[in-house]
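Worksheet: the structure to be examined is printed underneath.
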Amino acid sequence: MKAEIRKEYQRWTEQCLNAETALYDADVAAELKAMAADEAKMEDAFYRDLAFGTGGLRGVIGAGTNRMNVYTVAKASQGLADYVKKNFAQEDWKIAVSYDSRIKSDRFAQVASGVFAANGIQVWIYPELMPTPCLSYAVRALGCAAGIMVTASHNPSKYNGYKVYGADGCQITTEAAAEILAGIERLDIFDDIQVTEFAAESSSDISYIPAEVYTAFVEEVKKQSVLFGDEIDRNVSIVYSPLNGTGLKPVLRTLKESGFTNITVVAEQEQPDGHFPTCPYPNPEIREAMALGMEYAAKCNADLLLATDPDCDRVGIAVKKTATAVISEGAGNNNADAPALLDAGNKNTDAMAPEGTESTQAANQYVLLSGNETGMLLLDFICSQRIRHGQMPENPVLVKTIVTIDMAERIAKKYGVRTVNVLTGFKFIGEQIGLLEKQGRTEDYLLGFEESYGYLSGSYVRDKDAVDASLLICEMFAYYQTRGISLLDRLEELYREFGYCLNTLYSFEFEGSAGFARMQEIMAEFRKGIDAIGPKKVECVLDYREGLDGLPKSDVLKYLLEDDCSVVVRPSGTEPKLKTYISVSAATKEEAGELEKQMAEAMKAYFR
């Protein structure tokens, strides 16, 4: 082990075991003591600083420079405070703060608030946990210079994170992140941090965000309806799960105020709980996270299942099978992000239940729709409704990421909608909304979505919003059901009209310092060049490392293959993973499935 690692560990033990210090954390102190006899654990905790980028911070909760803890949160907050004071007039020194249900989220939010306040910055913090889109809204509504959301989104319970937002309510740009990071790197984690005790009720520098801001957010969401007076049956039976996160209050309030009252909440996943006891991987992209909700749906004979992730910016759905629809589950995108199988890149996300169990029975009755499928359905519904009611803007725009299904572009073209493709990450969709705003064209923005279950139909926030998406999905579902059409029927019609598309995502996990090095080696291997992926020849390679098509620099490779197929490879921006996205176009579902298998096997060889 390198001498500097042990030296930094010793410095932490000297600083962090003193219970009289402002940032003392008993869990950090205990872990440091236990680490003394475990060099491998010590090395992993201290071999680098936790990475800070456009996604802020994200890492395993624990002691060390490579962990999420009160000290790394305080250091990042000091860097952000310095950035705000340097780049904004003093009257604009305001930062909004929100947090989710994760372990230590409330403590991290309070520590960050204490750092901001100690630096003379006015802090606005929600009095209770609130979703990511509520944070984005508060930044804009309160005229803040920045905002932070303490969350690790849909990651397992051992993770937490810290997302940073700019004054526009969008996650910070690459340039801003670089400047903040440079400031953070100049700081000593113990000597250069200003911090005061969190006291929202007695401090003039820390205030709770008024209830009126939250209410205004809900009202903006309700304005996103595209029914325009059309009659629907709002008594459809809905099962909803917030997956022990922040969605319970805003989603239920919005749906009930919009007339949807026949809602059953999954009791085991209703209340905030950062341990996620019934869904260790609380991601609505994953079947395991949806399994309990599907059991509830089967028991209630519900029409629709909704589940939002812990910070309520993603939503997944399941719908009851019908006699007429033949769509297979997740046809538009089979997600491979299965927690136990990440290192194998296995895309089977079934919670393997034996025949005859409730899980199996529920799975036989309900179909999980992918993020791509839901996004295409929403796009088609929004466009058709706007045209039918004369509400389509003159120059409508769809914004999607480069890894989102290409079929969406064909649907948009049918309705005369221009598609803008951006890098992976909803912040780039938010930036496009900002560009439209500068041109006085926010009304032209129809929808932004990404294959990873994130959607936004309005410009009132600048990040994906599962509250908004939940309302739109319920209205869309009820609209079609009132007219005797299921979502599966409509999806099948889209495939018949635009051709069959299959998108799959495989994730490969690489933990620790050795894993980090291996990821870099794999990306270097890809850049040496490949001629084919499975049976499909490579026709063009798009390397975004130096920037491309006006997009920022990003460690992303996209291989354009013959016959409208493609593959994207990129490191995750928030987790120790490499991700590969396979897109297949074919005449039939069977042909697409066979072709995808061949391409997937070819890709897996690079990750071994």
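Roughly speaking, what is the stretch gain from Thr588 to Lys537, that is 0.36 nm per residue apart minus the C-alpha to C-alpha distance, in nm to one decimal?
16.3 nm
Which of Gly62, Val139, Ala109 sits farthest toward the positive end of the charge dipole of segment 48-144, with +1 on the Cβ of Lys and Arg and -1 on the Cβ of Asp and Glu?
Gly62
Could you give the dipole magnitude of segment 1-127 about its Cα centre, charging the beta-carbon of Lys and Arg +1 and that of Asp and Glu -1, in debye to the nearest 20?
180
If we count every other residue with Cβ under 11 angstrom of Phe477's Cβ, Lys/Arg +1 and Asp/Glu -1, where does the sum land?
Neighbourhood net charge equals 0.
Select from the chain the helices, each a whole stretch of DSSP H, whose alpha-carbon atoms run 15 Å or more along the helix axis and whose Kyte-Doolittle mean is at least -1.0; answer none if there are none.
For the chain, where a helix must reach 15 Å along its axis and average at least -1.0, the hits are 70-87, 105-118, 174-185, 211-222, 287-300, 371-388, 426-438, 466-482, 487-498, 512-527.
Where nothing but the Cβ of Lys and Arg (+1) and of Asp and Glu (-1) is charged, how large is the charge dipole of segment 543-583 around its Cα centre, in debye to the nearest 20?
280
Give, rounded to the nearest 20 debye, the magnitude of the charge dipole that the chain has about its Cα centre when Lys and Arg contribute +1 at Cβ and Asp and Glu contribute -1 at Cβ.
Rounded to the nearest 20 debye, it is 520 debye.
Which is farthest toward the positive dipole end of segment 248-326 among Thr322, Asn283, Phe260, measuring Cα position about the Cα centre, with Cβ charges +1 (Lys, Arg) and -1 (Asp, Glu)?
Value computed over the given set: Thr322.
Mind running the shape call on segment 124-239? Use the C-alpha gyration tensor, a ≥ b ≥ c as the square roots of the eigenvalues: rounded below 1.5 for a/c, prolate if a/b tops b/c, oblate otherwise.
It comes out prolate by the Cα gyration axes.
Give Lys223/Lys414; Lys223/Lys320; Lys579/Lys604; Lys222/Lys249; Lys536/Lys589; Lys528/Lys558 a once-over and call out the pairs whose C-alpha atoms are over 20 Å from each other.
Lys223/Lys414; Lys223/Lys320
Would you mind calculating the gained length between Arg483 and Ala19 on full extension (0.36 nm times residue separation, minus the Cα-Cα distance), in nm to one decimal?
160.5 nm
Which one of Gln432, Gly416, Thr442 has its Cα pushed farthest toward the positive end of the charge dipole of segment 388-442, where Lys and Arg give +1 and Asp and Glu give -1 at the Cβ?
Looking along the dipole axis, the top candidate is Gly416.
Can you sort Lys400, Lys85 by 1.4 Å-probe accessible area, starting with the largest?
Result of the area sort, largest leading: Lys85, Lys400.
How many nm is it between the label spots at Ala182 and Ile530, if each spot is 7 Å from the Cα in line with the beta carbon?
3.7
Over segment 17-83, average the accessible area per residue using a 1.4 Å probe and give it in Å², no decimals.
I get 36 Å² per residue for this part.
So what is Rg over Rh here for segment 1-102, counting just Cα atoms and using Kirkwood for Rh?
1.03
Whose amide H sits under 5 Å from the amide H of Ile206, counting only residues 5 or more places off or on another chain, with H placed in the peptide plane?
Here Val123 satisfy the definition.
Trypsin sites (Lys or Arg not before Pro) within segment 450-508: which are DSSP loop residues with at most 14 other Cβ atoms inside 10 Å?
Taking segment 450-508 and a limit of 14 other Cβ atoms within 10 Å, the loop trypsin sites (Lys or Arg not before Pro) found are Arg483.
Extension gain Ser384-Ala605, at 0.36 nm per residue separation less the Cα-Cα distance, in nm?
Using 0.36 nm per residue and subtracting the Cα-Cα distance, I get 75.2 nm.
For Arg545, tell me the accessible area in Å² from a 1.4 Å probe, rounded to the nearest 10.
120
Rounded, prolate or oblate, given the Cα gyration tensor of segment 407-557, with a/c below 1.5 counting as rounded?
The shape class here is prolate.
If Glu594, Glu373, Glu185 are ordered by their accessible area, calculated over protein heavy atoms with a 1.4 Å probe, which sequence runs from highest to lowest?
Glu185, Glu594, Glu373
Computing the accessible area with a 1.4 Å probe over protein heavy atoms, can you report the carbon and sulfur percentage for the chain?
In the chain, the share of accessible area belonging to carbon and sulfur is 47 percent.
When the scattering of the chain is computed by the Debye formula from its Cα atoms alone, each counted once and equally, what is log10 I(q)/I(0) at q = 0.08, 0.09 Å⁻¹?
-0.55, -0.70
How much of the DSSP bridge set in segment 183-316 is antiparallel, in percent, rounded to the nearest 5?
20
Among the lysines in segment 1-157, how many pairs, 8 or more places apart or on different chains, have alpha carbons under 25 Å apart?
Lysine pairs, 8 or more places apart or on different chains, close enough: 18.
Starting from the Cα of Arg545, step 7 Å along the direction of its Cβ; do the same at Ala3; then give the gap between the two resulting points in nm.
3.5
The values are calculated or read from the model by the stated rules, or taken from the named source; none is laboratory data. As the structure is a prediction and not an experimental result, all values here were calculated from the model. Cβ coordinates were reconstructed from backbone atoms using ideal geometry, including for glycine residues, and neighbour counts include every protein chain displayed. Accessible surface is based on the protein model in full, side chains and every heavy atom, while ligands, DNA and RNA are left aside. Shrake-Rupley method; radii C 1.70, N 1.55, O 1.52, S 1.80 Å.
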